[in-house]
Amino acid sequence: MDQSLSTETTLAASITRPHRQSPRRRVVVRSSRQGGFGGGEGGGDVVNESMIVLRKRIQQMRIKEKIQDPVPVEWTEMEKNYVEEGYYNSDVFRGIPLLQIFLLNSRPFFVFGLLILLLLSLFTSFISVCSFCFQLCKFIFFR
């Protein structure tokens, strides 16, 4: 091989054990610029072309998402601008990792306590809505 294309490094490592000594071993590491990850020539060009195609597809999908999700007309201008300009998604994608970091840095029983509190509040809300609907039906049908 050509001297500029390959590099030969010799590493001598000794492995010692507490009860007996082992002989030194010689390790040879070789690397070259040819025959890299692609297994031959021209592998990098295919990856670059694929990345361009992938970026175009991602851009097309983003455009389709904006067309398919129109903002409701009853929203205020502030809400429309907030969602259309992408601030909503960026805020959500920044907030979720912060919540995850907070929960991972907290004690497990504190997180379980928050989860139980959330579930109890949802259950209580559900019961109160059902009670209201029951009383409304009772009022309508049994005057």
Checklist entry - Which of the residues spanning segment 94-143 are surrounded by 10 or more Cβ atoms within 10 Å (Cβ to Cβ), under 24 Å from the mean Cα position of the chain (by Cα) and in a helix (DSSP H, G or I)? => result Gly95, Ile96, Gln100, Ile101, Phe102, Leu103, Val111, Phe112, Leu114, Leu115
Checklist entry - Can you name every residue in segment 56-93 that is exposed (fewer than 11 other Cβ atoms within 10 Å of the Cβ), among the aliphatic types (A, V, I, L, M) and assigned to a helix (DSSP H, G or I)? => result Ile58, Met61, Ile63, Ile67, Met78, Val92
Next on the checklist: Being surrounded by fewer than 10 Cβ atoms within 10 Å (Cβ to Cβ) and at pLDDT below 70 narrows it down to one residue among Gly39, Gly43; which is it?
Outcome noted: Gly39
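The values are calculated or read from the model by the stated rules, or taken from the named source; none is laboratory data. Bear in mind the structure is a predicted one, so any value in this text is a computation, not a measurement. So basically every Cβ, Gly included, is an ideal-geometry build from the backbone, and we count neighbours across all protein chains shown.
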